[in-house]
Amino acid sequence: MNQAEVAAQYQAFKELGLKLDMSRGKPAPEQLDLSAGLLAELGDFKAQDGTDTRNYGGAVGLPEARALFGALLDVPAAQVVVDSNASLSLMHDVIAFALLHGTAGQPSWREQGAISFLCPVPGYDRHFAICEALGIKMINVPMTDAGPDMDLVESLVAGDAGIKGMWCVPKYSNPGGVVYSDEVVRRLAAMQTAAPDFRLMWDDAYHFHHLEARAVEIANVLDACAEAGNPDRAIIFASTSKVTHAGAGMAALAASPANIAWWQRHASVRSIGPDKVNQLRHVRFLRDKAGVEALMERHRLLLKPKFDAVHEQFGHLLGNVEGVSWTRPQGGYFIDLLTPPGKAKRTVALAKEAGITLTPAGASFPYGKDPLDRHIRIAPSFPSQQDITSAAKGIALALLLAAAE
Ligand code: PMP
């Protein structure tokens, strides 16, 4: 297409007056409907051990909920805490507890001067928001096809005791869809850190969220850490936000026995116990690992055609454009679209003018600053199948127009 054709097509698209929101990776209504049975699940309120779930207590979660996450994450149930309605709050609280009380027998993080976290980029904006809100400096680490650049990670953590943690979305990362290789997991588990109280924030948000029929498996980080002599290094987070109902599901963390005891010590001050009624209805509805896998397959069948529609439109309109590429994730909720340098912000603005709301350009970088202004996070899940094709076309036209300016 020449420039005049692009401008004409963009104008025609704009005149359609569409209103499409692709700013967040939200499940679509028909995905939420898959778990409608959840709301009818409770005949009685008794857990397997006779606990009346309507009452206080059970700080680490119902035994059957812990067993379910244990099976899903391949971790002993005793090393799982099920708490809260969303995993992001557990991540926030782990960092808040470390800042306030310290971990690994060390002084609290706030008493140790300036502290920082490694942030593989592009990454998840809400991780970065937690660091920013809690005064933790962020250090960008480039992502490769197999996970973060490990040579850089190893040299940084070895030389600076102020680096206390690292964000990791090890499978189908947000937004690049990157899967960490077993070698990367092993190196993260074994690397020498100057900080004795260094923590891997292992956000396994997309552990069972496959887009292909063949599920990707990755190395078990708790096993790798234990084998390397660093059993307390990693804390795994997961939830059913994109299994049942987003923000109204079950969240879990899994870690070494010492970390579970540490968590319990501090979490018991902030709550008398989690929502066990919600946990009970979830376990009854999901049943077991096979039950979750069957449900995730139904999600996959709804999501995959939407991702395919984006790939098709992008392939058609952007396939031969210099400096433009996009990821083809095997799971998760996002596609990372790369524009020519300096064109992401402009593309998002032009898409907005044409009725398509995208995540702000730069959001997948700490402090909202994408140094080359190239990355746009595409979230295909929420619009209908029909709208997604239009949206992908509109985004591609906005990019072509921005690139030609
Ligand atoms: N982690 C990642 C990487 C995510 O993409 C999301 C949702 N967009 C979350 C966590 C949020 O999970 P939850 O609903 O369990 O807080």
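The values are calculated or read from the model by the stated rules, or taken from the named source; none is laboratory data. All figures in this text were calculated on a predicted structure; none of them were measured in a lab. Glycine gets a Cβ as well: all are built from the backbone with ideal geometry, and neighbour counts include every protein chain shown. With ligands, DNA and RNA removed, areas are computed over all heavy atoms of the protein, side chains included. Shrake-Rupley method; radii C 1.70, N 1.55, O 1.52, S 1.80 Å.
Relative contact order, whole percent, for the chain stands at 25, derived from Cα pairs under 8 Å and 6 or more residues apart. When L134, L200 are compared by accessible area at a 1.4 angstrom probe, the order from most to least is L134, L200.
The alpha-carbon atoms of segment 249-350, seen along their principal axes, cover 56, 32, 26 angstrom, with the largest extent given first.
For segment 64-103, pairs of C-alpha atoms spaced more than 12 angstrom apart make up 63 percent of the total. Taking a cut-off of 25 Å, what percent of all Cα-Cα pairs in segment 42-182 are separated by more than that? Value for segment 42-182 (Cα pairs over 25 Å): 43 percent. Computed over segment 69-151, the P(r) tail beyond 17 angstrom holds 61 percent of alpha carbon pairs.
Structural size metrics of segment 205-310, computed from C-alpha coordinates, are Rg and Dmax of 16.6, 48 Å. When only alpha carbons of segment 107-224 are considered, Rg and Dmax amount to 14.2, 49 Å. Rounded to the nearest 10 degrees, the inclination of helix 3-15 to the longest alpha-carbon principal axis of the chain is 60 degrees. The helix-based estimate of mean residue ellipticity at 222 nm for the chain, built from -39,500 (n - 2.57) per DSSP H run of four or more residues and divided by its residue count, is -12500 deg cm²/dmol to the nearest 500.
Shape call for segment 2-58 from the C-alpha gyration tensor, a ≥ b ≥ c root eigenvalues: rounded (a/c under 1.5), prolate (a/b greater than b/c) or oblate? It comes out prolate by the Cα gyration axes. Please list, by residue number, every one of the trypsin sites (Lys or Arg not before Pro) in segment 120-198 that is coil in DSSP and has at most 13 other beta-carbon atoms within 10 Å. Here no trypsin sites (Lys or Arg not before Pro) fit, given the DSSP loop and packing criteria. To the nearest 10 degrees, how steeply does helix 63-73 sit against the main Cα axis of the chain, on a 0 to 90 scale? Rounded to the nearest ten degrees, it is 50. The chain gives an Rg/Rh value of 0.99, both radii derived from C-alpha positions and Rh following Kirkwood. Would you mind classifying segment 329-405 by shape? Square roots of the alpha carbon gyration tensor eigenvalues, ordered a ≥ b ≥ c; an a/c under 1.5 is rounded, otherwise it is prolate if a/b is larger than b/c and oblate if not. Judged from the Cα gyration tensor, segment 329-405 comes out oblate (a/c at least 1.5, b/c at or above a/b).
The stretch between A190 and D52 holds 45.4 nm of extra length on full extension. This uses 0.36 nm per residue minus the Cα-Cα distance. For segment 213-274, the set of trypsin sites (Lys or Arg not before Pro) satisfying both a DSSP loop assignment and a count of at most 16 other C-beta atoms within 10 Å is given as R214. Computed on segment 95-176, with alpha-carbon pairs under 8 angstrom and 6+ residues apart, the relative contact order is 34 percent.
Ranked by the mean number of other Cβ atoms within 10 Å per residue, highest first, peptides 53-64, 106-117 order as 53-64, 106-117.
Each pair of Cα atoms in segment 156-235 enters the Kirkwood radius, and Stokes-Einstein at 10 °C and 1.306 mPa s then converts it into a translational diffusion coefficient of 120 µm²/s.
The simple spin-label model puts a point 7 Å past each Cα toward its Cβ; for A248 and E227 those points are separated by 4.2 nm.
Annotation for segment 5-55: chymotrypsin sites (Phe, Trp or Tyr not before Pro) lying in DSSP loop with at most 16 further Cβ atoms inside 10 Å of their Cβ are F45. So what's the angle, to the nearest 10 degrees on a 0 to 90 scale, between helix 87-101 and the longest Cα principal axis of the chain? Its long axis makes an angle of about 60 degrees.
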